[in-house]
Amino acid sequence: MVAMKSTVPFSILCVDDNDDNRISLASILRFEGYNVCEASNGSDALRLAREVDLAVLDVRLPDVSGLHVCQQIKANPATDLVSVILLSGIFTHSNNRAEGLENGADAYFVKPVEPRELLGQIKALLRIRQTELVLQQHARIIDHIHEAVIAFDLDGHVTRWNQGAERLFGYSARDMLGAHVGKLYPSEERERILEQIFAEVRRRGAHETEERMRRRSGDELIVHTALSLLYDSRGEAAGIIGYSIDTTGRRRAEAALKASEERYRQIVETAAEGIWIVDSKCRTTFVNDRMVTMLGSTVADVSQRCILDFTDDEGKRCLQELVLEHPAESVQQHEFRFYRQDGSKFWAFASTNALRPEAGQDFGALIMITDITERKRLEEQFRQSQKMEAIGRLAGGIAHDFNNLLTVINGCSELVLQRLSRDDPTSELVRQIREAGDRAAALTRQLLAFSRKTILEAKILDLNQVMSRLESMLFRLIGEDIELVATLDPHLEKIKVDAGQLEQAVVNLIVNARDAMPQGGRISVETRNVDLTDLDIDGDSDFKPGSYVLLTIADNGVGMGELTKAQVFEPFFTTKGPGKGTGLGLAMVYGFVKQSGGHIQVDSELGKGTTFRLYFHKVAEPIPARATPTVLDPPKGGSETILVVEDEDRVRALVCNVLKLSGYAVLSAGDGVEALKIAEAHPGQIDLLLTDVVMPLGIGGRQVAEGVRKLYPQIAVLFMSGYTDDAVMRQGKFEADTHFLQKPFGPSVLSQKIREILDSVRRGASA
């Protein structure tokens with residue numbers, strides 16, 4: 001069961017450094033009617049917390065922990081009333097839940113979280129806030145409402161007297177507060193009337209009466225009063241409140257009733273929700289214009305038919321249960337689908353109210369219907385986003401650990417090959433080990449591309465030039481039975497992406513298109529500039545309006561069904577036979593496009609082919625002049641001192657051995673804390689820091705580099721990693737004196753990189 005949309009414009013803060021998750025959640029909340037602001041880090045979250053009623057915080061943030069942000073919000077008098085919901089990733093430590101609740105969190109969820117469950121918790125927390133607002137408003141409403149509102153205790157003494165009561169009876173609040181309510185009734189009937197009213201209200205909890213009453217002037221009038229018991233915090237009767245209107249002028253009352261009926265008719269006819277009233281057999285007795293529009297039909301057609309004719313089997317079951325089996329239950333809510341006149345379907349949220357039978361009629365039901373198709377789409381998009389994030393985290397973690405192993409395998413095999421002659425029969429076995437390691441490294445690079453943790457060297461490119469360079473290779477890939485047609489816009493704007501990753505993505509898409517046409521066919525490649533508006537992106541929260549360069553690759557092959565299309569970007573998912581694919585090609589394309597700030601769409605239908613659309617943000621920068629290629633010298637050693645920081649023992653041992661064999665003095669540390677201690681205690685100069693990026697104990701490579709630089713300001717820094725979560729490193733934005741080495745790497749590559757950096761530092765010092 002799903003609660004209805006909020007009618008109070010509460011403000012909610014969404015805090016998550018993952019753009020996909022944050023934007024999807026924000027879209028769902030905006031669809032539910034909330035005001036939403038967003039933040040991607042803890043600092044912005046603390047600043048925006050003063051402006052919201054509730055905050056949804058990811059525990060893992062780039063600058064500070066979500067637990068710390070929650071604690072600060074709850075400790076600040078300006079924000080301590082803000083409700084906080086913490087969201088934790090699947091790899092977050094299990095103790096964080098208890099810690100989060102101890103720090104003041106109102107709720108804690110572990111990703112992936114069902115949007116409906118999260119919305120239910122949000123609405124429950126805001127319901128408390130809404131109640132407080134309503135109570136504050138009630139006092140003002142009572143005082144300013146036109147009709148008379150009078151409250152009195154169980155002895156009949158007046159405790160509240162609003163302006164409406166003053167207008168109706170002529171007495172001021174000063175006159176009546178503390179006075180007995182019997183003062184308003186004719187003396188000859190006062191005792192009987194009050195005794196009867198008190199008895200009825202006490203017995204039934206509420207009572208309506210129409211009695212003769214008296215103004216201050218002595219004039220009598222007929223007053224209709226609705227009375228209800230008031231209860232104290234213990235649930236015991238504490239008084240009575242009455243809502244009174246003057247019914248003296250019957251014509252005036254009839255006119256007011258007619259006007260009221262007209263107002264309600266207009267409200268019903270112009271309501272944003274569909275309103276459908278049915279009898280006990282689900283036959284239509286009334287339907288408003290909005291409902292007719294939702295069905296794409298006419299009032300005449302709908303009025304002559306049963307509501308069950310317009311819904312699917314699940315809807316029929318729900319409606320029959322609501323209307324036929326449980327007619328006395330006041331409110332029931334369900335979600336199911338309705339058919340439009342043209343046969344298409346839409347998701348509906350139906351809230352059913354039982355109608356009391358009138359004279360000569362049986363019972364019926366009033367059904368409020370809201371089209372929630374868009375909300376359903378956003379929920380599915382949110383779930384898919386969370387799934388892809390979880391798979392990406394898993395893939396990135398596997399690739400990181402595997403790259404450490406491959407660094408040892410490939411490095412040791414290279415060292416062994418250097419010691420064996422080519423005639424040695426063992427050398428062929430070692431070469432096979434090295435080749436297998438290289439193939440495994442290629443697979444991990446694809447995993448890193450999908451998880452968006454690879455290092456991109458983004459450059460200004462002309463997409464048309466890239467496609468032209470690939471043309472001859474693509475013709476060899478697809479074979480003679482497939483036609484390749486390219487339509488390239490001569491006025492195409494520039495883009496900024498990694499050229500190698502872009503070429504790999506194009507090749508993967510062309511190969512998939514080729515494999516989808518075993519009997520031959522046609523592949524179309526098109527480039528063009530596009531300017532997209534909100535209407536063009538059709539509410540896709542993962543896609544922003546703007547100017548893009550579009551690359552389209554389409555085939556007329558076998559196509560895909562909906563189930564296959566939903567999984568097409570997941571790693572290791574493939575429809576090809578054994579030995580014909582790893583299932584990483586499209587996953588790599590997806591990760592590359594997303595990490596490049598772009599967007600990818602796929603359209604496909606069985607028997608009608610597949611179309612992939614890749615959108616990249618256009619840039620106004622010119623293509624830089626091509627640099628003169630440099631010739632690399634053979635690796636050579638040196639005598640400098642190098643500090644190696646690596647938490648993986650085998651990798652650290654390999655690196656240290658390679659450097660020692662090259663003549664370097666090597667200092668070794670297994671974590672950041674140990675590295676800082678060694679650097680502080682070392683009596684001489686340290687020329688270069690070689691450190692892993694991601695390490696335990698909360699001190700990563702960047703923190704180690706900052707600490708060591710304070711002791712050795714001129715030290716060169718070389719980062720290495722199987723992957724990195726550091727956004728600056730992922731984008732390839734390095735400081736002038738820092739460099740990066742991607743795992744797995746071999747001894748010769750390591751030696752070449754070390755020597756290149758040290759020589760560069762020496763040349764800079766001499767200059």
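Details
- Among the residues making up the stretch 48-65, those that are of a type in the set (A, V, I, L, M) and without any contact (Cβ under 8 Å) to a residue 40 or more places away in the chain are 48, 49, 64.
- The helices (runs of 4 or more DSSP H) found entirely in the stretch 580-686 that carry 1 or more residues being within 30 Å of residue 696 (Cβ to Cβ) and at pLDDT 90 or above are 649-661, 672-681.
- Residue in the stretch 42-57 that is of a type outside the set (A, V, I, L, M, F, W, C), open to solvent by less than 40 Å² (accessible area, probe 1.4 Å) and part of a helix (DSSP H, G or I) present: yes
- Sole exception among (1) assigned to a helix (DSSP H, G or I); (2) open to solvent by 30 Å² or more (accessible area, probe 1.4 Å); (3) at pLDDT 80 or above for residue 707, by number: (2)
- For the stretch 156-192, a residue qualifies if it is in contact (Cβ under 8 Å) with a residue 12 or more places away in the chain and part of a loop (DSSP other than H, G, I, E, B), and the qualifying residues are 156, 162, 170, 171, 177, 178, 179, 185, 186, 189.
- Residue check, residue 212 surrounded by 13 or more Cβ atoms within 10 Å (Cβ to Cβ), more than 59 Å from the chain's Cα centre (by Cα) and modelled with pLDDT under 90: yes
- Pairing residues of the stretch 283-298 that are surrounded by 19 or more Cβ atoms within 10 Å (Cβ to Cβ) with residues that are hydroxyl-bearing (Ser, Thr, Tyr) and in a strand (DSSP E or B), at Cβ distances under 9 Å and at least 6 apart in sequence or on separate chains, gives 295/339.
- Output for the stretch 1-19, where each listed residue is modelled with pLDDT under 50 and open to solvent by 80 Å² or more (accessible area, probe 1.4 Å): 1, 4, 5, 7
- Condition met for residue 702 (without any contact (Cβ under 8 Å) to a residue 40 or more places away in the chain, touching an Asp or Glu at 6+ places or on another chain (Cβ under 8 Å), in a helix (DSSP H, G or I) and within 25 Å of residue 63 (Cβ to Cβ)): yes
- Taken over the stretch 688-699, the criterion of being open to solvent by less than 50 Å² (accessible area, probe 1.4 Å) and not aliphatic (A, V, I, L, M) is satisfied by 691, 692.
- In the stretch 123-181, residue modelled with the lowest pLDDT [restricted to those that are small (Gly, Ala, Ser) and surrounded by fewer than 15 Cβ atoms within 10 Å (Cβ to Cβ)]: 139
- In this structure, residue 27 does not satisfy being among the hydroxyl-bearing types (Ser, Thr, Tyr), touching a residue at least 24 places away in the same chain (Cβ under 8 Å) and touching an Asp or Glu at 6+ places or on another chain (Cβ under 8 Å).
- Residue pairs whose Cβ atoms lie under 8 Å apart, sitting 6 or more positions apart in sequence or on different chains, and linking a residue in the stretch 200-216 that is β-branched (Val, Ile, Thr) to a partner that is part of a strand (DSSP E or B) and open to solvent by less than 70 Å² (accessible area, probe 1.4 Å), are 201/207; 201/227; 201/228; 201/229; 201/240; 209/224; 209/225; 209/227.
- Taken together, the residues in the stretch 62-76 that are in a loop (DSSP other than H, G, I, E, B) and either open to solvent by 80 Å² or more (accessible area, probe 1.4 Å) or touching an Asp or Glu at 6+ places or on another chain (Cβ under 7 Å) (or both) amount to 1.
- Which numbered condition residue 268 fails, given (1) at pLDDT below 85; (2) among the aliphatic types (A, V, I, L, M); (3) assigned to a strand (DSSP E or B): (3)
The values are calculated or read from the model by the stated rules, or taken from the named source; none is laboratory data. What you see is a predicted model, and the numbers here were worked out from it, not measured in a lab. Here the Cβ is made from the backbone with ideal geometry for all residues, glycine too, and neighbour counts use every protein chain on show. Quick note on the areas: whole protein, heavy atoms, side chains included, nothing else; ligands and nucleic acids left out. Shrake-Rupley method; radii C 1.70, N 1.55, O 1.52, S 1.80 Å.
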